[in-house]
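Report on one structure; see the data block that follows.
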């Protein structure tokens, strides 16, 4: 008989580890002691790797690798800051449990290790909807959460207002990178745990899925179970890659690797979805680090995942190639379909099954001689195996239940009087190989999907039979599949078709009710219901369904149900489809194959306004409102499939949809106005930045590739008081930040600058919404220490977008304010806002230069609301800031082409309207008063206000607040009709001036024109322009602006000379498109 494969930490069960380690000393009792020991014995040995996805391409992914020394220092560095936030101020005698909900990431790793180091028991919450229940069950009074779970954490505290407080992870709040903490925490940093732990103390708590009772149950794990029963082998030459999240089995995977001095790579499932391509990218990063890095690490030789991941990899040519490179590929958590496993093995993949449980740890594997033994699905019982026993069932099935006997190294739970644990897992023996067992099913009727998710089908089956008298039997199926289904057997006297249809409706109502109470993976769709007029379920003497027999009897029906579920239904035959399915079909029909989930934001996923209009038109064929047309901007307004489905269903029923955004605006202010010190308290006391003596004005400018921003940049570079300008530019493909900025200056005829002026310019690719603005820490620190003024002029100018689409911009604003707050130079912060922020329908006759206190002051556009939110955030930060920084809000009015060349922006409303002249031969008659401000004039004013000396402005008040400046042209001498009169003289061809409604109708009939995208906005404006109460033009107080800015004191009305330059530029732009 050929020998088995070599013994490794990856395949070593707890029973085998006990035998291997019998003579080896364990110089640690707790997880923290183990980390400290590894940091002392192997400080620089790599422990864990995290691939870092990027938005550019999968080939450009990076990684972070943490050594055992990093794990020790990082966990020590965060331990005190975490403890300070917990509601206990003294050492306690019994263990204190805190909750943690966080994606599988570096944040989770260090929060978990830091909390254990601080002496807490850590409740690891893997089920966001069960936060409150789990915290109450485990007597948790403090919950730490990843920022992405902000809303869920706050909901939990509202559900338990007297007993639960929630805190964002402190280093996320302060924008302090974990890599900085691991490198800069002193090696001898003192900390006092709230409770001294022993090997038998609880280290952390997992929980069940709760599918049997509807409520998850805690599963405590002791320190001994975590690290005291694992193999102590030499594994440093072989790394593991796992797709299992840390809050599930990823923790066990980590400790299993670390106790054998091995590196483990964790898939970044908190950043990107688990797809074959993303796994390949992660493996590629690991391979490059092992072969091309200055400090190479061990190659990945072991791959661990659940069945559905292996299925994805097996179906992908590149994925299969990576699996073939592995020494061992392990699968667990559910049964891998035989066909998939057989295909992998036949293609040379060394595949093993790994079987374990939360109660007893790693029990069995199919380790064998891979070259001669292809029975990958048969687990091998080690000889002599004194603590595992297979007990034959007495139901004639030939199956046996696995029982773990007293004496097994780890038993978190027992369920027999003799101290053993009956697992309820049933196996069938191999026909020829002694001690080889294949997993079959559960004796407790649980269904295990291919994802590893489990649930009890009894509640659905019992509810349907009890509620619908015409149903004889119900059988829920789904073992090894992605989704469950239900077989409904009707009683024999069901003959009339009309009755059958009625019964089907009542059954579906029951399923919907059960679905509403269950978790996502337990829900049964209508398409997965199988109806039978005959047939019978075999049952035991106790009346329970023999599930394996039922699966065999109705195998063809079950197979047909899954075949039907995978077939696509043409959108034209969508009568029985849900609203979400119809919308998804329309979106795919318009855009092609797209990966878009129900809650994914349309705008953030690149769906432009033209596509939105096509989607809206297609939806009109499937949904019909009661005497109300489908709103023009409904796709952007709803923002995603889920909200669009809710709106359309209500709209069809004729219901009014209340979509007040006041609460949303205030919530956004609360969320993004909170700033912290640049590091957690104890770290900031240990490490401090000093002023590096930089002289002159060093300006950070955003929006330099925009119309106003490019003119601001030109003025800054020409200013003798400015020594350097950093332009933060969003990267685009291969075009560098510098190329984009210079191209914009050239396009606007602003490159006539001296060489010395251009030497002040440094353009940097930035992602404002990301941590540290997307920079490496060294770059971020340089900006922080040098900057004296920040001018934030970047903002999406899209009047079709709803408020929620501007959240990334608000996050960017918060990050820039954080940079300002952390700088030792106390820089001035200048936010370029818009008059639209305060131009609501009830605005006063003269709008003051003060901060607005009511969300209703803004107008109805999402753009305008976002500017109001941003202004209020600046004001909140100004009030709470304890530095000498000044915060200036500049409300910019309607801009127009510059006074030198007339260059404007063809995406603006007025240039778009004028650009229709050649195609339509007409323009609309509108009564707008033109209070336009040339771009270069506005830019001069912005720079003068931004760089003004502190003592020069009256805008400062005794109460710390934002200074507000209205940068507006209040002169309304010129009207749009004056402009049309000038244009008739300038244009070589005559044209008509039509009533606005007729003009918009002509534009709508055009096959294509960029101006059509604004029809939905122009129509209401045209209708309002005829009303006298809307002809009133708002006047803005400009006292503050005029006091500081000489340019503002000389603002003139729009005249024919300026418009002549603008029209010449518009003609040039139109000529480019012909």
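Could you please let me know if residue 874 is closer than 23 Å to residue 706 by Cα and out of contact with any helix residue (DSSP H, G or I) (no Cβ under 6 Å at 6 or more places or on another chain)? Against the criterion (closer than 23 Å to residue 706 by Cα and out of contact with any helix residue (DSSP H, G or I) (no Cβ under 6 Å at 6 or more places or on another chain)), residue 874 qualifies. On the stretch given as the range 640-673, residues that are modelled with pLDDT of 75 or more, part of a loop (DSSP other than H, G, I, E, B) and either touching a helix residue (DSSP H, G or I) at 6+ places or on another chain (Cβ under 7 Å) or closer than 21 Å to residue 596 by Cβ (or both) total 2. Of everything in the range 838-866 that is in a helix (DSSP H, G or I) and touching a residue at least 24 places away in the same chain (Cβ under 8 Å), the residue that is nearest to residue 796 (Cα to Cα) is 863.
Being within 24 Å of residue 248 (Cβ to Cβ) and either part of a loop (DSSP other than H, G, I, E, B) or in contact (Cβ under 8 Å) with a residue 40 or more places away in the chain (or both) is a property that does not hold for residue 402. Return yes when residue 323 is at pLDDT 95 or above, touching a strand residue (DSSP E or B) at 6+ places or on another chain (Cβ under 6 Å) and outside any loop (DSSP other than H, G, I, E, B) and no when it is not. Yes: the conditions hold for residue 323. Just to be sure before I move on: is residue 824 modelled with pLDDT under 90 and closer than 25 Å to residue 889 by Cβ in the structure I sent? So residue 824 fits the description; yes.
Evaluating residue 223 against the criteria (1) modelled with pLDDT of 90 or more; (2) farther than 30 Å from residue 408 by Cβ leaves one unmet condition, (2).
For the range 828-837, filtering for residues that are farther than 27 Å from residue 908 by Cβ and either in a helix (DSSP H, G or I) or free of Cβ contacts under 8 Å to residues at least 24 places away in the same chain (or both) leaves 0. Within the range 83-130, the set of residues being modelled with pLDDT of 90 or more, farther than 21 Å from residue 48 by Cα and touching a strand residue (DSSP E or B) at 6+ places or on another chain (Cβ under 8 Å) comprises 97, 98, 99, 119, 120, 121, 123, 125. Scanning the range 875-884 for residues that are surrounded by 21 or more Cβ atoms within 10 Å (Cβ to Cβ) and either closer than 17 Å to residue 948 by Cβ or at pLDDT 95 or above (or both) gives a single hit, 878.
Quick check, is residue 420 modelled with pLDDT of 80 or more and closer than 25 Å to residue 348 by Cα? The answer is no for residue 420.
Each row is one residue, and each column tells you yes or no for (1) surrounded by 23 or more Cβ atoms within 10 Å (Cβ to Cβ); (2) under 30 Å from residue 789 (Cα atoms); (3) assigned by TED's automatic domain parsing to the domain that holds residue 964; (4) under 41 Å from the mean Cα position of the chain (by Cα).
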residue: 917; (1), (2), (3), (4): no, no, yes, no
residue: 943; (1), (2), (3), (4): yes, yes, yes, yes
residue: 946; (1), (2), (3), (4): yes, yes, yes, yes
residue: 949; (1), (2), (3), (4): no, yes, yes, no
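All of 891, 876, 825 fail the test of being part of a strand (DSSP E or B) and within 39 Å of the chain's Cα centre (by Cα), apart from 891. Considering (1) closer than 30 Å to residue 812 by Cα; (2) modelled with pLDDT under 70; (3) outside any loop (DSSP other than H, G, I, E, B), the lone condition that residue 632 does not fulfil carries the number (3). So which residues in the range 766-801 are touching a residue at least 24 places away in the same chain (Cβ under 8 Å), over 30 Å from residue 900 (Cβ atoms) and within 24 Å of the chain's Cα centre (by Cα), if there are any at all? Correct list: 767, 768, 769, 770, 771, 772, 773, 777, 780, 800, 801.
For residue 757, the conditions (1) modelled with pLDDT under 90; (2) surrounded by 21 or more Cβ atoms within 10 Å (Cβ to Cβ) are fulfilled apart from (2). All conditions in (1) at pLDDT below 85; (2) more than 23 Å from the chain's Cα centre (by Cα) hold for residue 308, with the sole exception of (2).
Would you pick out the residues in the range 908-923 that are out of contact with any helix residue (DSSP H, G or I) (no Cβ under 7 Å at 6 or more places or on another chain) and assigned to a helix (DSSP H, G or I)?
910, 917, 919
Which one is nearest to residue 101 (Cα to Cα), of the residues in the range 131-151 that are part of a helix (DSSP H, G or I) and more than 14 Å from the chain's Cα centre (by Cα)?
131
Considering only residues in the range 674-686 that are at pLDDT below 75 and not in a helix (DSSP H, G or I), the one that is nearest to residue 620 (Cα to Cα) turns out to be 676. Scanning the range 39-54 for residues that are assigned to a strand (DSSP E or B) and surrounded by 16 or more Cβ atoms within 10 Å (Cβ to Cβ) yields a total of 6.
It is to be established whether one or more residues within the range 274-286 are more than 30 Å from residue 124 (Cα to Cα) and not in a helix (DSSP H, G or I). The answer is no; no qualifying residue exists.
Annotation for the range 306-318: no member residue is in contact (Cβ under 8 Å) with a residue 40 or more places away in the chain, touching a strand residue (DSSP E or B) at 6+ places or on another chain (Cβ under 8 Å) and assigned to a strand (DSSP E or B). Of the numbered criteria (1) within 30 Å of residue 485 (Cβ to Cβ); (2) in contact with a strand residue (DSSP E or B) (Cβ under 9 Å, 6 or more places away or on another chain), the one residue 430 fails is (1).
The set of residues from the range 184-207 being more than 19 Å from residue 223 (Cα to Cα) and either buried (at least 21 other Cβ atoms within 10 Å of the Cβ) or in contact (Cβ under 8 Å) with a residue 24 or more places away in the chain (or both) comprises 184, 185, 186, 187, 189, 191.
The values are calculated or read from the model by the stated rules, or taken from the named source; none is laboratory data. Because the structure is a prediction, the values reported are computed rather than measured. For neighbour counting, all protein chains shown are included, and Cβ atoms are generated from backbone atoms with ideal geometry for every residue, glycine included.
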